[in-house]
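To keep things clear, I will list the structure first and then write my remarks on it.
The values are calculated or read from the model by the stated rules, or taken from the named source; none is laboratory data. If you're wondering where the values come from, they're calculated on a predicted model, not measured in any experiment. Because the Cβ atoms are built from the backbone with ideal geometry, glycine has one as well, and the counts that use them run over all protein chains shown.
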Amino acid sequence: MKGSAEKLVKSRKRKSVEFEADRSKAQEPVPSKRTKPTKEDAVPEDDALVPQEFDCEPEAKKSFSDLGLIDSLCEACTALGYKEPTEIQAQAIPLALKNDLIGIAETGSGKTAAFALPVTLISESGTPTLYGLVMVPTRELAFQVSQQFEALGSLIGVRSAVIVGGMDMVTQQIALGKKPHVIVATPGRLMDHLENTKGFSLRTLKYLVMDEADRLLDLDFGPILDKILKVLPRDRRTYLFSATMSSKVESLQRASLRNPLRVSVSDSSHQTVKTLVQSFLFIPHKFKDMYLVYLLNEFTGKTCIIFTRTVRETQRISLLTRALGFSTIPLHGQLSQSARLGALGKFRGGSRLILVATDVAARGLDIPSVDIIINLDLPPDSKTYVHRVGRTARAGKSGKAVSIVTQYDVELWMRIENALGTKLPEEPVAKDEVMMLSERVGEAQRVATREIQDMENKGGRRGGSKGRGKPTRDNMDVDEAG
């Protein structure tokens, strides 16, 4: 037994040395995105279509009233705890009042208020009609953005409606009949209403916002976006906001924006906030569960999101950690909409400290006071990594993100580090303490496996469906791996 343990230690040390050598080789030098544009940074050659760019530099602090907002909006900001504008808000809001805009800022920097405040401002004139449309890629983000609009416009009576898949069409038709000022929608369900809801149109629209614009431009949404753009008034203001931008935005820019200005508070398309502490663990794949449990024990009492790659793994980890006494709840795209909102509500409310999620929770969701992010499975690309870790360290708060890297993930991890432009430190762990968890974790693994098999034998995953099959408009806003 002693000999096998010594071999394991030597083997892990050798792999660690090889890993560090590969990382160093891959990272030196890291090219600057400002001096050497990549394919993602490509812009149209036609100068008339290239937006003017404003790179934000630190300057004297501004108040919301300095940005041209009315008193009632400034009061709403104060009531929500916004002491002063964030960098993206200070730069974008004055420009957005008069121009089409492309806004790029890291996740957690206040992008939502940066477009919600200019759009809400028009309500002060007492307009009774629909004037604002916000398109987002996921259902959860739609509910969150709607809540932000109603909170910011509470003193001037702003009404919003959420139009997403997975919810009753008739209920949504009733909501549209009440003439909201702002609609927050996912593209598929919005198109359903444009085609099937009598009397509904977007003729009075004054503002179009595309939040998480790069995700909206993914292949599945492209054709529907084209159809929606054709029925919108040409005389409107259009904003595109996201933490990351790619060359895909070029075609949409031509189709929907007029002489846009571009505001960026990031010097990289893969930027994370300065208050985020990031690290990684390089371990054998077979020990992932033990290291996860060790980390959860180390972070006892803190709120944590564990990201996994598939729905099945989300369920398994949720069951495994519950068997060990952790307060855990799963979130994935095969849960019903009410179950997903319920899971988020329990996590936000503090009745559950650990959320196990697929990338449905990675983009745009504003969950206050998330202390720790654990990437149990690495994301497929650096963009998704940025959005995952952006769930913590929001609005100036500190946060921590730990990524678990196995022997199968080395190349992917080096690509993520290269995109971030930095070599992240390894998370210190007491390896002897990890190995002492072997028996308890092994028993919890068996319990979780039995429960998943029982659920599948009874006809499907808990709270979910048996499979979505071919994507339809109603489930396009559920972005999940199976």
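Of the residues making up the stretch 388-415, just one is part of a helix (DSSP H, G or I), surrounded by 24 or more Cβ atoms within 10 Å (Cβ to Cβ) and either modelled with pLDDT of 95 or more or not hydrophobic (A, V, I, L, M, F, W, C) (or both), namely 388.
Output the number of residues of the stretch 114-134 satisfying the condition of being under 21 Å from the mean Cα position of the chain (by Cα) and buried (at least 24 other Cβ atoms within 10 Å of the Cβ). Number of matching residues: 5. For the stretch 74-93, give me the residue count where each residue is farther than 19 Å from residue 134 by Cα, touching a residue at least 24 places away in the same chain (Cβ under 8 Å) and either acidic (Asp, Glu) or surrounded by 18 or more Cβ atoms within 10 Å (Cβ to Cβ) (or both). So the answer is 9. Looking only at residues in the stretch 416-451 that are surrounded by 18 or more Cβ atoms within 10 Å (Cβ to Cβ) and farther than 21 Å from residue 273 by Cβ, the one that is farthest from the chain's Cα centre (by Cα) is 437.
Being within 22 Å of residue 289 (Cβ to Cβ) and of a type in the set (Gly, Ala, Ser) is the filter here, so list the residues in the stretch 320-342 that pass it. Those that are within 22 Å of residue 289 (Cβ to Cβ) and of a type in the set (Gly, Ala, Ser): 323, 325, 327. So if I check each of 76, 90, which one is in the same structural domain as residue 238 (by TED's automatic domain parsing), modelled with pLDDT of 90 or more, farther than 18 Å from residue 151 by Cβ and not in a loop (DSSP other than H, G, I, E, B)? Of the residues listed, the single one that is in the same structural domain as residue 238 (by TED's automatic domain parsing), modelled with pLDDT of 90 or more, farther than 18 Å from residue 151 by Cβ and not in a loop (DSSP other than H, G, I, E, B) is 90. Residues that are modelled with pLDDT of 90 or more and closer than 16 Å to residue 166 by Cα within the stretch 325-341 comprise just one, 331. If you go through the stretch 367-386 and keep only what is within 21 Å of residue 139 (Cβ to Cβ) and either in contact with a Gly (Cβ under 8 Å, 6 or more places away or on another chain) or in the same structural domain as residue 145 (by TED's automatic domain parsing) (or both), you end up with just 370.
Checking 351, 318 one by one, the residue that is buried (at least 23 other Cβ atoms within 10 Å of the Cβ), hydroxyl-bearing (Ser, Thr, Tyr) and either at pLDDT below 90 or over 19 Å from the mean Cα position of the chain (by Cα) (or both) is 318 and no other. Selection within the stretch 265-282: residues that are part of a strand (DSSP E or B) and crowded, with 20+ Cβ neighbours inside 10 Å. The member of this set that is modelled with the lowest pLDDT is 276. Taken over the stretch 93-113, the criterion of being within 22 Å of residue 158 (Cα to Cα), part of a loop (DSSP other than H, G, I, E, B) and at pLDDT below 90 is satisfied by 110 alone.
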